[in-house]
Amino acid sequence: MKNETRYQIVISGVGGQGILFITRLLAEAAIEKGLPVFTSETHGMAQRGGTVISHLKVGEFASPLINPGQADGLIALKAESLTQHGGYLKPGGWAAVNSSAPLEMQAPSRPFYLDADRLTREMDDPRSLNLIMLGFTLSSVQRGDFDHGVLHCSLGDVETVLENRLKGKGHLLQSSLRALKAGADSAAAA
Amino acid sequence: MKQAVRKELMMGNEAIARGLIENSCSVATAYPGTPASEILSSVAKTSKQLDMNMHIQWAINEKVAFEIAYAGSMAGLRTAVSMKQVGLNVASDPLMSAAYMGTAGGFVIISADDPGPHSSQTEQDSRMMAMMAKIPVLDPDSPRQAKDMVGMAYTLSETFKIPVMLRPTTRVCHSRQDVLPGDIFPSATKPDFKKDPSRWAATPKFRYQLHLELEEKLAQIAVHKATEPILRNPEANGRRAVVSSGVAAAYTAESLKNLQLWNRLPFYQVLQPFPLHTAFIRLLLEAYDKILILEETTGMMEIQLADRNRIKGRLSGVVPRAGELLPEKIEALLASFAGVEAQIPSLTQAPGRRPTLCAGCPHRASFFAIKKAAPRGIYTSDIGCYTLGLNLKAVDTVLCMGAAISQAAGFYHAYKREEKRPDIVATIGDSTFFHAGVPALIDAVNQNVHFVLVILDNRTTAMTGSQPTPATGKSATGEALVKVDMEALVKGCGVAFLEVGDPYDTKGFISMVKAAVAFSRSKGPAVVIARHPCIIDLARQGKTADPVEVMVTEECDGCGFCHQHFECPALVEVDDGQRTVVDPLVCNGCGVCLDICPNGAIVEK
Ligand code: SF4
Ligand code: SF4
């Protein structure tokens, strides 16, 4: 029982990609379900295009950081994030990676790849990459045949959080939902 | 005031802000600095939403912020000042003195540390400053505890009439947790300053008395019940114990469970690392043979435990003397302390991406112009986004807030008797100039220092998330304030050469800086204000300039000039550095690169 409500996810990329925003959506989805949650974020100089990493811990935890080798999953908004932060994954963990081609993995894991840069260009909305990757992740891990749950929330849960957060910002909400869906659809297509 | 009871996802800094509001704080001041900046902006946001009657302000620097909040306490109100650890250095003068004089209303000093360091010049431990000042300090392990400790700090401050420090670290400030907002008690206190010159204006003779009083207060605080250390696992017994505070205590709790040591190693969480409780010190030294102390970033609890043989920590060398105590480090330390074998993976260091100025950042254009105008100069610089000018080799020194100007003066005096004197160009941001640059500029005028000062005026405190400056004319809560006129200020300092230009106008701006350099060689200090708004700040306000669409033509021969000297993240090398292209997702359309390619390969579409 306890295992099912403990998830540790690393989200990494570079400053300016909107990592904080998607971390927050996942954390709020946890609160919606009444689950305790911890996140840790990068602020300051690194946000100017440097390496940025978020830790997300859902369930009974005391501290905000994830130990190397213990993360259930990794969302890599840049291909290089996998090399840098793949070490956080536990054996058998999953990784959703923004890359046009499969990469060599550092840790044994289940990778899912999406060329989100291309998709972002096609959508002509430079700020949508984070949500495309989030949609892709949510949909991929739900499709992957893991023996037990791999994330505390579904695509629908995150949509609800988005709707609450962007209430009254119709245009932004629409484009955000579109990006989320585009990512999710490409997981279906893969 | 009753609030809806629903857990909220709160950043540590938001939780501290919430704590201040719940606990009737009526004056909150700050100077922005990572990781503390969001404290005051959250106070401002919440107080606006709830229509609280508070004074909330971004002060010109930490010393001024401290003194404003402290005077509020002298008038009997509950007040708070927040800053980052190096900001406390700036405010250390009033801090040391205020400790002696004491308080009337509760006064909390929030100084956020940055073990790592992630976004700071040093890893200094503010708790040591509290110890030096002789005031108590509380060390929270999480956003939730940080909020609770605000209330604890006010009680402590008012019980003992002493300033109290709350010392969160980056991992507390910038983590988020589900936190239950509590009830809000708006302040009902009216300001009532009770004159008492022997305290509030004490001369050295009275200061001795105040020092004795302070020592007496500390002795009582060291037996104060509410802040006593907590034995987290009473079921554990053994002759070895672990003592920890702050976020290190949170990691310790998790690691002891991971290692199945929870029932074996007694674990004390310290809430108030200084003064350490007298009875606790006695207990530790009586009950245990070996004691491991896990704390950030200096061994300051360790210092207070006199036994050098039994205490293992930062000072004894068991715990590394520098650096953040990441959870994997703590787990390894605990395993070896308990004598158990454990496989603890650590991260192999892969080179990360270095930060760089945003695509379209006006600072990049300014640095480009400075290097054109004074190619072999000495470039002193300062604290802000523009520190990243070092990637462009346009920043040679970064010391602390305001030092760009005084260091420029120092280099001038060092070289002035030489036949060949280098050009000296200092860069400083608008907020940093107001913070600590002005006295240094007056000094440079007074000494007739031959140098150029380029004030990178992007109309905001960009690095820490766009807080207003005195020239913005906006308060923390968005109301209009009196705007300070930067040009008049510079002229008032006695500067004879002053020009204002837009760095986006590449050619015009280069000749302006050239003229300033020429003036500085023969006459004295010259100031150029490089004025162009931060594009991130503009975007936040929903504004954008008309973008210039740029492209790279066949003329590009892969010389790499634009990467080495300009480094716009939107200009990307492809084909193994044979060619450069523009990444339209990243390009901001500032158009500055049109003037920089030596082959003229960057053109308008
Ligand atoms: S935030 Fe503003 S000042 Fe800082 S690098 Fe970006 S554009 Fe420049
Ligand atoms: S126009 Fe040129 S300098 Fe400006 S953001 Fe685009 S590529 Fe960079």
Carbon/sulfur fraction of accessible area - segment A:41-190, other protein chains in place, 1.4 Å, %: 49 percent
Solvent-accessible surface ranking, highest first, for B:C361, B:C559 at 1.4 angstrom: B:C559, B:C361
Cα-centred dipole magnitude for segment B:1-124, charges only on beta-carbon of K, R (+1) and D, E (-1), debye, nearest 20: 460 debye
Förster radius 25 Å - calculated FRET efficiency between B:Q541 and B:L594 (Cβ-Cβ, nearest 0.05): 0.45
Label-point separation in nm, B:A515 to B:Q220, each point 7 Å along Cα→Cβ: 6.6 nm
Complex-versus-alone comparison for segment B:215-262, residues with a loss of 50 Å² or more in accessible area, probe 1.4 Å: B:E254
Calculated P(r) of chain A - Cα pairs past 29 Å, %: 13 percent
A:D125 accessible area, assembled protein chains, probe 1.4 Å, Å²: 50 Å²
Ordering of B:529-536, B:567-574, A:62-69 by packing [mean C-beta count within 10 Å, highest first]: A:62-69, B:529-536, B:567-574
Chain-alone versus full-assembly comparison, segment B:336-355, residues with accessible loss of at least 30 Å² (1.4 Å probe): B:P345, B:L347, B:T348, B:A350, B:R353, B:P355
Cβ-based net charge around B:S244, under 9 Å, with every Lys or Arg adding one and every Asp or Glu removing one: -2
Largest to smallest accessible area among A:I31, B:I405, B:I303 [probe 1.4 Å]: B:I303, A:I31, B:I405
Cα-based Rg of the protein assembly as shown normalised by 2.2 N^0.38 Å, two decimals: 0.98
Spread of Cα-to-Cα distances over 10 Å intervals beginning at zero, given as percent, for segment B:362-540: 10, 42, 36, 10, 1, 0
B:S431, B:S336, ranked by accessible area, largest first (probe 1.4 Å): B:S336, B:S431
Listed residue (B:V586, B:H563, B:G600) projecting farthest to the positive dipole end of segment B:550-604, Cβ model: B:V586
Surface/4 of the Cα convex hull for segment B:226-338, nm²: 6.1 nm²
B:E228-A:S154 pseudo-label distance in nm [points 7 Å out on the Cα-to-Cβ vector]: 5.1 nm
Relative compactness, segment A:22-72, computed as alpha-carbon Rg over 2.2 N^0.38 Å: 1.23
For B:M11, net neighbour charge (Lys/Arg +1, Asp/Glu -1) across residues whose Cβ lies under 9 Å away: -2
Highest-first arrangement of B:205-212, A:5-12, where packing means the average Cβ count within 10 Å: A:5-12, B:205-212
Span per principal axis, largest first, for the Cα atoms of segment B:55-122 (Å): 38, 26, 18
Dipole magnitude of the protein assembly as shown, debye to nearest 20 (Cβ charges: Lys/Arg +1, Asp/Glu -1, about Cα centre): 1740 debye
For segment A:1-103, accessible area per residue (1.4 Å probe, heavy atoms of protein chains only), Å²: 29 Å²
Extension reserve of the B:K393-B:F561 stretch, reckoned as 0.36 nm per residue once the Cα distance is removed: 59.2 nm
Size-normalised alpha-carbon gyration radius of segment B:407-472, reference 2.2 N^0.38 Å: 1.30
Label-to-label distance, nm, for residues given as B:A480 and B:K416 (7 Å Cα→Cβ offset): 4.5 nm
Area buried, chain B against chain A - accessible surface, total, 1.4 angstrom probe, square angstrom: 3600 Å²
Potential lengthening between B:R321 and B:I442 on full extension [0.36 nm per residue; Cα-Cα distance subtracted]: 39.5 nm
Which of B:A436, B:S26, B:V548, positive extreme of dipole for chain B (C-beta unit charges): B:S26
Accessible surface of segment B:129-248, 1.4 Å probe, proportion on carbon and sulfur as whole %: 59 percent
Accessible surface of segment B:487-605 [probe 1.4 Å, protein heavy atoms]: carbon and sulfur percent: 50 percent
Relative packing of peptides B:140-150, B:584-594, B:458-468, A:167-177 - highest average C-beta neighbours within 10 Å first: B:140-150, B:458-468, B:584-594, A:167-177
Chain B: mean projected area of Cα convex hull, nm²: 31.9 nm²
Rounded accessible area of A:K181 (nearest 10 Å², 1.4 Å probe): 110 Å²
Shielded residues, segment A:14-36 - accessible-area loss of 30 Å² or more between chain alone and all protein chains, probe 1.4 Å: A:R24, A:I31
Two-site FRET efficiency, B:K290 against B:L180, from Cβ-Cβ distance with R₀ of 41 Å, rounded to 0.05: 0.60
Gain in span if fully extended, B:E487 to B:R239, counting 0.36 nm per residue against the direct Cα distance: 82.5 nm
Surface per residue (accessible, 1.4 Å probe) for chain B, Å²: 41 Å²
Within-11-Å neighbourhood charge of B:A476 [Cβ basis; K, R +1; D, E -1]: +2
Net dipole in debye of segment B:362-540 [+1 Lys, Arg Cβ; -1 Asp, Glu Cβ; about Cα centre; nearest 20]: 520 debye
Rg/Rh ratio calculated on Cα atoms of segment B:237-302 (Kirkwood radius): 0.95
Candidate aspartates and glutamates for bridging to B:K312, where Cα separation is under 12 Å - those fewer than 8 sequence places away on the same chain excluded: B:D289, B:E295, B:E302
Signed unit charges on C-beta, dipole axis of segment A:7-185, positive-most listed residue A:G86, A:I132, A:L173: A:L173
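The values are calculated or read from the model by the stated rules, or taken from the named source; none is laboratory data. The structure presented is a predicted model; accordingly, all values stated were derived computationally and were not measured. Backbone-built Cβ (ideal geometry, glycine too); neighbour counts: all protein chains shown. All accessible areas refer to the heavy atoms of the entire protein, side chains included, with ligands and DNA or RNA removed. Shrake-Rupley method; radii C 1.70, N 1.55, O 1.52, S 1.80 Å.
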